[in-house]
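What follows is a set of notes on a single structure, which appears directly below.
The values are calculated or read from the model by the stated rules, or taken from the named source; none is laboratory data. Note that the structure is a prediction, hence the values are computed from the model and not measured. Glycine also receives a Cβ, built like all others from the backbone with ideal geometry; neighbour counts cover every protein chain displayed. Keep in mind that these areas ignore ligands, DNA and RNA; they rest on the heavy atoms of the full protein, side chains included. Shrake-Rupley method; radii C 1.70, N 1.55, O 1.52, S 1.80 Å.
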Amino acid sequence: SLALACAGLLVSMPARAAHDPKAFVQTFGTTLVNIVNSPIPMDEKKVKILPLVQQNVDIDAIGRYCMGRYWKLATPEQRQTYLSLFHDVLVNTIIDKLGAYRGVTFTLGAVTKEGDEDGVQTTLMLPQQPPADVKWIISYAGGAPKVVDMIGQGASLRLTQRGEYEGFVGSNGGDVANLIKA
């Protein structure tokens, strides 16, 4: 999905952007666009993008949210295994989708408060496609800014994924082990 692919637009942040969500998005967006649009082979792009995603997306928080009510029912071992697998799935999906975004540019829009988080509106432009509005939800729960959700085409990435995961577990005996196997 566009929102998931956009989650790859993440970079290391300078200290000055620690509490400035617009600067955070500007910095990571520019860095990622430069990597995605560069002529280097896709394998090299993946190597450059992987640590940026790991550092700037709160993958564990997204994973816990996506499991929904079943998080509390999971054993500590299931939680650990699930988060490890969720990390791999999310990072690989982001990186694998980036090839389709060659030629991307973006513009920044308004910043809004989303509870304890900030929302930063962006518009992504891809060659020969209509502009796509994507809102980045930034959390500071761990001190540094981290992406915890993306809203594209009116849909929240984490809320959509939560519905899918909860539905899967619910239709498979309510056992988290079935989600882990899948």
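Can you name the condition, by its number, that residue 98 falls short on among (1) in a helix (DSSP H, G or I); (2) modelled with pLDDT of 90 or more?
The single condition residue 98 does not satisfy is (2).
Look through 142, 119, 109 and report the one residue that is among the small types (Gly, Ala, Ser), in a strand (DSSP E or B) and within 16 Å of residue 58 (Cα to Cα).
That would be 119, the only listed residue that is among the small types (Gly, Ala, Ser), in a strand (DSSP E or B) and within 16 Å of residue 58 (Cα to Cα).
Which residues, taken from region 55-65, are open to solvent by less than 20 Å² (accessible area, probe 1.4 Å) and part of a helix (DSSP H, G or I)?
Residues satisfying the conditions are 56, 59, 62, 63.
Search region 73-86 for residues that are closer than 13 Å to residue 165 by Cβ and pair each with any residue that is of a type outside the set (D, E, K, R) and outside any helix (DSSP H, G or I) when their beta-carbon atoms are under 7 Å apart and the residues are at least 6 apart or on different chains.
82/74
Looking at region 39-53, is at least one residue open to solvent by 80 Å² or more (accessible area, probe 1.4 Å), in contact with a helix residue (DSSP H, G or I) (Cβ under 7 Å, 6 or more places away or on another chain) and either assigned to a loop (DSSP other than H, G, I, E, B) or among the aromatic types (Phe, Trp, Tyr) (or both)? Walk me through it before giving the result.
Restricting attention to region 39-53, the residues satisfying the condition of being open to solvent by 80 Å² or more (accessible area, probe 1.4 Å) are 39, 43-44, 47-48.
Remaining after also requiring in contact with a helix residue (DSSP H, G or I) (Cβ under 7 Å, 6 or more places away or on another chain): 48.
Imposing the further condition that a residue be either assigned to a loop (DSSP other than H, G, I, E, B) or among the aromatic types (Phe, Trp, Tyr) (or both) reduces the set to none.
Checked against the condition, which is being open to solvent by 80 Å² or more (accessible area, probe 1.4 Å), in contact with a helix residue (DSSP H, G or I) (Cβ under 7 Å, 6 or more places away or on another chain) and either assigned to a loop (DSSP other than H, G, I, E, B) or among the aromatic types (Phe, Trp, Tyr) (or both), region 39-53 yields no hits at all.
I'm told residue 139 meets every condition in (1) within 16 Å of the chain's Cα centre (by Cα); (2) surrounded by fewer than 18 Cβ atoms within 10 Å (Cβ to Cβ); (3) polar (S, T, N, Q) except one. Can you identify the failing condition by its number?
(2)
Within region 66-89, can you find the residues that are surrounded by fewer than 15 Cβ atoms within 10 Å (Cβ to Cβ) and assigned to a loop (DSSP other than H, G, I, E, B)?
72, 73, 75
Looking for something among the polar types (S, T, N, Q) and closer than 30 Å to residue 123 by Cα - is there at least one such residue anywhere in region 83-101?
Looking through region 83-101, at least one residue is among the polar types (S, T, N, Q) and closer than 30 Å to residue 123 by Cα.
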